[in-house]
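Asks: First, the structure itself, so that you have it in front of you.
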Amino acid sequence: LKYNEHHRPQLHFSPAAKWMNDPNGMVYFQGTYHLFYQHFPGGTTWGPMHWGHATSKDLVHWQQKPIALYPDSLGYIFSGSAVADVNNTSGFGKKGQVPLVAIFTHHDPKGEKEGKENFQNQSIAYSVDNGNTWTKYAGNPVVKNPGIRDFRDPKVMWFAAGKKWIMTLATKDRITFYSSPDLKNWKKESEFGEQRGAHGGVWECPDLFPLALNGKTYWVLLVSINPGGPNGGSATQYFIGQFDGHTFKSDQQQTRWIDYGPDNYAGITWSNTGSRKIFLGWMSNWNYANEVPTDTWRNSATVPRDLGLVNIKGQILLTSHPSPELNKLAGKPVAIASSEIAKTGSLKVTNHIKLPGQYTLEFKLDKIDSYSIEMFNDQGEKLILGYNKAEDRYFIDRTHAGLSGFNPGFAGIAYAPRLTAASSGDLKLVVDASSVELFADQGLTVMTSLFFPAKPYQQLIIKVNKETVVKRLVLAPMKSIW
Ligand code: FRU
């Protein structure tokens with residue numbers, strides 16, 4: 001396997017072949033990061049769901065593994081999570097083994113066809129060989145559907161203060177929390193969200209975890225929704241609040257998005273990483289995920305991102321940063337003197353770095369004003385992104401970025417608000433063969449966008465408004481992870 005097809009991501013995990021959607025069951029155990037994902041091995045469009053599997057020692061280089069979970073008499077294997085049951089509460093571990101336990105939705109396509117309401121139920125499976133092989137629990141399902149059509153995507157965490165497991169489940173237009181002493185017996189605790197946040201579509205793939213800021217613990221609730229995202233289709237919102245082991249409370253007024261771009265969905269965090277929270281999303285959008293122009297595989301994950309909190313004028317907001325492990329892919333960085341830009345307001349970066357190829361670009365501005373970054377080829381295809389001062393928002397314009405005829409909604413401009421009024425600014429881009437991830441203002445505004453140039457972009461130009469003072473501009477070519 002060469003992973004060198006046209007448009008194949010070089011910095012991102014994608015399945016060796018065939019279809020992928022949501023990342024699932026991410027758990028860190030004994031030096032290995034496990035990544036499972038919604039997978040259809042029979043084609044490059046969505047189909048009967050399996051859990052594909054890949055592992056990494058460093059969060060960056062991935063090794064494709066055999067399929068972990070196959071559909072069975074209870075249905076397809078939909079999204080879910082995995083935990084290291086360190087205290088062996090489940091009893092699945094023998095002779096001191098720590099079992100890995102996967103918690104997932106069984107989706108029964110027959111029940112769905114027959115028009116039943118209870119065709120999604122929560123089940124578990126365990127592994128006592130470091131995730132290599134999995135055994136489904138004989139007592140499945142462990143959370144039975146009470147008659148809610150959309151009842152799925154369990155994310156489980158250990159709530160140490162109450163010595164119990166908490167399951168965060170997407171239940172149509174709200175989140176339902178359950179608790180369990182042993183991962184097998186679950187009791188409903190509470191609901192959240194019927195009247196809160198965005199409701200343009202069904203709620204899916206939630207996650208609940210604590211993060212600390214200045215010695216205080218806050219609880220973050222991620223909720224993916226489809227459709228209803230800020231730039232159309234699917235996207236992931238978040239709530240900051242408090243969780244006491246029973247209920248989640250938030251006084252957040254505004255809807256917030258972990259990523260405003262069109263192509264980050266169904267993301268959750270790794271289990272068993274201590275206080276560090278590492279997020280990974282599916283780098284696509286249900287509006288066109290089945291149609292994007294790749295041949296042997298379809299869709300990939302975002303880069304892993306470290307999540308954090310920041311206080312902006314009394315509001316606690318979530319930040320995302322590309323996980324520092326990515327730096328190990330960086331080739332010799334090229335620093336460009338700000339005087340080079342100041343002269344004309346425009347800089348042909350490709351005088352300094354060889355394209356095509358994947359790279360990161362980072363800059364700091366002393367005084368933020370409008371700027372744009374343009375990537376283009378000799379076919380007239382161009383991706384433009386940047387910041388518009390008058391509108392005080394970031395944008396990614398893929399209107400003429402490449403192939404787009406596969407879906408009428410693909411070409412267009414995505415926008416994201418700037419969430420700070422600071423006079424200085426910063427930007428980090430992670431640019432791959434068919435994607436860009438934009439992190440602005442220390443990870444406060446994030447946008448992820450796909451693009452499919454017929455021919456790789458060969459040129460890169462930065463244009464800044466004359467008022468802008470570029471303090472530091474660094475480019476780094478990135479080695480392929482494959
Ligand atoms: C989200 C989702 C989940 C579901 C899975 C099915 O993208 O719709 O809610 O479990 O995909 O593949």
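The values are calculated or read from the model by the stated rules, or taken from the named source; none is laboratory data. As the structure is a computational prediction, the values presented were derived from the model and not from experiment. Here the Cβ positions follow ideal geometry from the backbone for every residue, glycine too, while neighbour counts run over all protein chains shown. What goes into the accessible areas is simple: the full protein's heavy atoms, side chains included, and nothing from ligands, DNA or RNA. Shrake-Rupley method; radii C 1.70, N 1.55, O 1.52, S 1.80 Å.
Asks: Just to verify a number: FRET efficiency for E5 and L74, C-beta to C-beta distance, R0 = 51 Å, to 0.05? If you can, show how the numbers build up before the last one.
Replies: Numbers: r = 36 Å, r/R0 = 0.70.
According to the calculation, E is roughly 0.90.
Asks: For the pair K328/I413, report the inter-label distance in nm, with labels modelled 7 Å from Cα in the Cβ direction.
Replies: Using points 7 Å along Cα→Cβ, the separation is 4.1 nm.
Asks: Ranking request for peptides 88-97, 409-418, 23-32: highest mean number of other beta-carbon atoms within 10 Å first, then the rest in descending order.
Replies: Numbers: 88-97: 14.0, 409-418: 17.2, 23-32: 21.0.
Answer by packing, highest mean first, reads 23-32, 409-418, 88-97.
Asks: Then there is this: Using θ = phi - 60° and the Karplus curve 6.51 cos²θ - 1.76 cosθ + 1.60, what whole-Hz ³J(HN,Hα) does each residue of the stretch 264-274 get, with Gly and Pro shown as x?
Replies: Each residue's phi maps through the Karplus curve to give 9, 9, 6, x, 9, 9, 5, 7, 6, 10, x Hz.
Asks: Roughly how many Å² of L208 are accessible to a 1.4 Å probe, to the nearest 10?
Replies: So the heavy atoms of L208 present about 10 Å² to solvent.
Asks: On average, how much area does the Cα convex hull of the stretch 93-220 cover when viewed from any direction, in nm²? Kindly include the intermediate steps, with their values, before the conclusion.
Replies: Values: hull surface 41.3 nm².
Directional mean of the projected Cα hull area for the stretch 93-220 stands at 10.3 nm².
Asks: While we're looking at this one, here's another question. Grab the beta carbon distance between Q242 and K455, set R0 = 56 Å, and tell me the FRET efficiency rounded to 0.05.
Replies: Between Q242 and K455 the formula returns 0.65.
Asks: Report in % the part of the accessible area of the chain that belongs to carbon and sulfur, leaving out ligands and nucleic acids; probe 1.4 Å.
Replies: Heavy-atom surface of the chain belonging to carbon and sulfur, 1.4 Å probe: 50 percent.
Asks: Across the stretch 213-222, in residue order, what do the Karplus-derived ³J(HN,Hα) couplings come to in whole Hz, using 6.51 cos²θ - 1.76 cosθ + 1.60 with θ = phi - 60° and x for Gly and Pro?
Replies: Result, rounded to whole Hz: 9, 6, x, 10, 9, 10, 10, 10, 10, 8.
Asks: Would you work out the charge dipole size for the stretch 310-355 about its Cα centre, treating the Cβ of every Lys and Arg as +1 and the Cβ of every Asp and Glu as -1, and quote it to the nearest 20 debye?
Replies: 120
Asks: Can you list the lysines whose alpha carbon is less than 30 Å from that of K216, not counting same-chain residues fewer than 8 positions off?
Replies: K155, K163, K164, K187, K188, K249, K277, K313, K364, K428
Asks: Quote the charge dipole size of the stretch 340-482 about the Cα centre in Debye, to the nearest 20; the model charges only the Cβ of Lys and Arg (+1) and of Asp and Glu (-1).
Replies: 280
Asks: According to a simple spin-label model (label point 7 Å from Cα along Cα-to-Cβ), what is the distance in nm between D251 and V469?
Replies: About 3.9 nm separates the two model spin labels.
Asks: Restrict the search to the stretch 282-345; then list the trypsin sites (Lys or Arg not before Pro) that DSSP places in a loop and that have at most 14 other Cβ atoms within 10 Å of their Cβ.
Replies: Answer by residue number: K313, K343.
Asks: Among 253-266, 281-294, what's the highest-first ranking by average C-beta atoms within 10 angstrom per residue? Write down the numbers at each step before the final one.
Replies: On the way: 253-266: 23.6, 281-294: 22.0.
Going by the mean number of other Cβ atoms within 10 Å, highest first, we get 253-266, 281-294.
Asks: Separate question: Let me check I've understood the local charge: for D244, count other residues with C-beta under 13 angstrom from its C-beta, Lys and Arg +1, Asp and Glu -1. What total comes out? Mind dumping the intermediate values first?
Replies: Details: positive: K164, K249; negative: E189.
Local charge sum for D244: +1.
Asks: Moving to a separate point now. For K184, which aspartates and glutamates qualify as cross-link partners when the Cα separation must be under 14 Å and same-chain residues fewer than eight apart are set aside?
Replies: Candidates past the 8-residue exclusion: D85.
Asks: Find how much the distance from N185 to N388 grows on full extension, using 0.36 nm per residue of separation minus their present alpha carbon separation; answer in nm with one decimal.
Replies: 67.8 nm
Asks: Using 0.36 nm per residue, how much length does the chain from N351 to A337 gain when fully extended, once their Cα-Cα distance is taken away?
Replies: Stretched fully, the N351-A337 segment lengthens by 3.7 nm.
Asks: In terms of modelled amide H atoms, which long-range or inter-chain residues lie less than 5 Å from the amide H of T302?
Replies: Placed amide hydrogens put G281, W282, M283 under 5 Å from T302.
Asks: Once you sort the root eigenvalues of the Cα gyration tensor of the stretch 1-132 as a ≥ b ≥ c, which label holds: rounded (a/c under 1.5), prolate (a/b larger than b/c) or oblate (the other case)?
Replies: oblate
Asks: Restricting the calculation to Cα positions, tell me the Rg (one decimal) and the Dmax (whole number) of the chain in Å.
Replies: Every Cα atom of the chain included, Rg and Dmax give 22.1, 71 Å.
Asks: Moving to a separate point now. Rg (Å, one decimal) plus Dmax (Å, integer) for the alpha carbons of the stretch 330-477?
Replies: Expressed in Å, the Cα Rg and Dmax of the stretch 330-477 come to 14.6, 43.
Asks: Counting only other residues whose beta carbon sits under 12 Å from that of S480, what net charge do I get with K and R as +1, D and E as -1?
Replies: Computed value for this residue: +2.
Asks: Can you give the net charge of the other residues whose Cβ lies under 9 Å from the Cβ of L383, counting K and R as +1 and D and E as -1?
Replies: With Lys, Arg at +1 and Asp, Glu at -1, the net is -1.
Asks: How far apart, in nanometres, would the label points at L403 and T32 be if each is projected 7 angstrom from Cα along the Cα-to-Cβ direction?
Replies: It is 3.5 nm.
Asks: Continuing with the same structure: Rolling a 1.4 angstrom probe over the protein heavy atoms, how many square angstrom per residue are accessible across the chain?
Replies: 38
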